[in-house]
């Protein structure tokens, strides 16, 4: 399988998605449109993954490739190929399908509880997950549910945590790719930003990593493997 990974910021970890793709022997082509504006052509890959970034999904004035990326995600989905948007990627996917992006109204950081909905019981990615599970979050924006999609998970801060379109297009507001190694690196790279969001993070990070983080690693890898299985 040939998979396009689209990065939206300088420091992007593939995490559990990378593990699952490598297990499947995928050929990966990386794109960094934030640096050069380059995006894959529709249909050139078996699947696309769109990761997160610090920008908003509507920041066309600073990231002029965003409309084209939204178009790519929608058109690729319409071909029946697998599409995955994580955090910012999910917000762009929601935009692509006509939802409303809501900025600065849903701040979550750290390993937070997510609640699956009844629809998750029949979903190939979410059916094996518990009704409530901890997973890593880092966002302040959210979005409305695109019309005609399957709402899979929610939280107290962001009503739409996960949704599915068609067979294999998924958006997750939460960072299921972010295993404990990824979170540790983010904590080293962005101490000031994180301290502003969670002043006690440095103190509680080690204990949280051993409890909620350990469980989140397992849940994230299960989600990643299930999505790769749909490609």
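Values in this text are rule-based calculations from the coordinates and carry no lab data. Since this is a predicted model, take the numbers as computed values, not measurements. All Cβ positions, glycine included, derive from the backbone under ideal geometry; neighbour counts span all protein chains shown.
For segment 1-109, the C-alpha radius of gyration divided by 2.2 N^0.38 Å, with N the number of residues, is 1.02.
Mind giving me the FRET efficiency for residue 115 and residue 204? R0 is 22 Å, r the Cβ-Cβ distance, nearest 0.05 is fine. Write down the numbers at each step before the final one.
Working: r = 22 Å, r/R0 = 1.01.
According to the calculation, E is roughly 0.50.
Over all directions, what mean area does the Cα convex hull of segment 114-231 project, stated in square nanometres? Present the calculation step by step, with values, prior to reporting the outcome.
Values: hull surface 30.3 nm².
Result: a mean projected hull area of 7.6 nm².
Zone of residue 188 (label point 7 Å along Cα→Cβ, backbone N under 17 Å): which residues in segment 1-41? Under 17 Å, as judged by backbone N against the label point of residue 188, lie 11-15 of segment 1-41.
Sketch the reach of a paramagnetic label on residue 195 as a point 7 Å from Cα along Cα-to-Cβ, and name the residues of segment 95-128 whose backbone nitrogen lies under 19 Å away. Of the residues in segment 95-128, 109-110 have backbone N under 19 Å from the label point off residue 195.
Order of 66, 230 from fewest to most other C-beta atoms within 10 Å?
Working: 66 24, 230 15.
Final ranking by Cβ density, sparse to dense: 230, 66.
Rounded to a whole number of µm²/s, how large is the Stokes-Einstein D of segment 2-230 at 25 °C and 0.890 mPa s, given Rh as the Kirkwood radius over C-alpha pairs? Roughly 141 µm²/s, to the nearest whole number. Taken along the Cα-to-beta-carbon direction at a fixed 7 Å, the label points for residue 79 and residue 60 span 2.4 nm. Debye-formula intensities of segment 19-73, expressed as log10 I(q)/I(0) at q = 0.14, 0.17, 0.18, 0.29 Å⁻¹, are -0.43, -0.62, -0.68, -1.32 (one equal scatterer per alpha-carbon, no solvent). In this label model, residue 107 and residue 144 are separated by 2.5 nm, measuring between points 7 Å along each Cα→Cβ vector. Given in Å, the Rg to one decimal and the Dmax to the nearest whole number for the Cα atoms of segment 70-144 are 13.8, 35. Sorted largest first, the spans of the alpha carbon positions of segment 109-156 along the three principal axes are 29, 26, 16 Å. Here the contact order of the chain, divided by its residue count and restricted to Cα pairs under 8 Å and six or more residues apart, works out to 22 percent.
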